[in-house]
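First up is the structure itself, then whatever we jot down about it.
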Amino acid sequence: MSTPIFLIGPMASGKSAVGALLAGLLGTTLIDTDARVIAAHGSIPEIFAAHGEAGFRRFESEVMAAAVPTQAQREARATAPAVVATGGGSVLAEANRELLAHGFCVYLLTDEADVAQRIGADTTRPLLGSNPLEAWARIFAMRSDLYERTATVIIDTRGKRPGQIAGAILAAYRDAGH
């Protein structure tokens, strides 16, 4: 049971909240890539100012790579499966998509209506700028195909609570033989 569960999807889709609940259900660790990058390098706006989006993505990739068990660990099933809540742009890099292929990759499908309240006054997301919903919709349109192509399974989160979503992911993970 060492196959990591990667949660992918647009910003504000609930990856961190669902990931924490899912990790609790599995009795394992949540690796929140944004939180780890922030802990090591400062706030996301600070990272973007100092290193640009490319620097942020590099830091994110490093955290993701550390979450993938080695071949020996997979064969021995020596590690509990980590739950990894990725950043919304993690699928942009081909190297990250290759890492995601080493795990059970769950796309948290959402829409603008579901994320509207979460991002309305959020100042910690530099990509959203002065019109957060318009920016979110534009970014989502550019990335949605990558989310779909990268995912092992797609979980429709619209109108659902985090606990329901975590339960659906756990069922899909077990149905897949993990």
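How about the range 21-66: which of its residues are farther than 30 Å from GLY163 by Cα, surrounded by fewer than 19 Cβ atoms within 10 Å (Cβ to Cβ) and of a type in the set (A, V, I, L, M, F, W, C)?
PHE48, ALA49, ALA50, ALA54 - these are the residues of the range 21-66 that are farther than 30 Å from GLY163 by Cα, surrounded by fewer than 19 Cβ atoms within 10 Å (Cβ to Cβ) and of a type in the set (A, V, I, L, M, F, W, C).
In the range 162-174, what residues are at pLDDT 95 or above and either of a type outside the set (Ser, Thr, Tyr) or not in a helix (DSSP H, G or I) (or both)?
PRO162, GLY163, GLN164, ILE165, ALA166, GLY167, ALA168, ILE169, LEU170, ALA171, ALA172
For the range 121-157, how many residues meet the condition of being modelled with pLDDT under 75, part of a helix (DSSP H, G or I) and more than 18 Å from the chain's Cα centre (by Cα)?
0
Considering only the range 98-120, how many residues are in a loop (DSSP other than H, G, I, E, B) and either in contact with a His (Cβ under 7 Å, 6 or more places away or on another chain) or modelled with pLDDT of 85 or more (or both)?
Residues flagged as in a loop (DSSP other than H, G, I, E, B) and either in contact with a His (Cβ under 7 Å, 6 or more places away or on another chain) or modelled with pLDDT of 85 or more (or both) within the range 98-120 amount to 5.
Which condition number in (1) touching a Lys or Arg at 6+ places or on another chain (Cβ under 7 Å); (2) under 22 Å from GLY159 (Cα atoms) is the one that GLY19 fails?
Among (1) touching a Lys or Arg at 6+ places or on another chain (Cβ under 7 Å); (2) under 22 Å from GLY159 (Cα atoms), GLY19 violates only (1).
The values are calculated or read from the model by the stated rules, or taken from the named source; none is laboratory data. Bear in mind that the values here come from a model prediction, so they are computed numbers and not experimental data. Cβ coordinates were reconstructed from backbone atoms using ideal geometry, including for glycine residues, and neighbour counts include every protein chain displayed.
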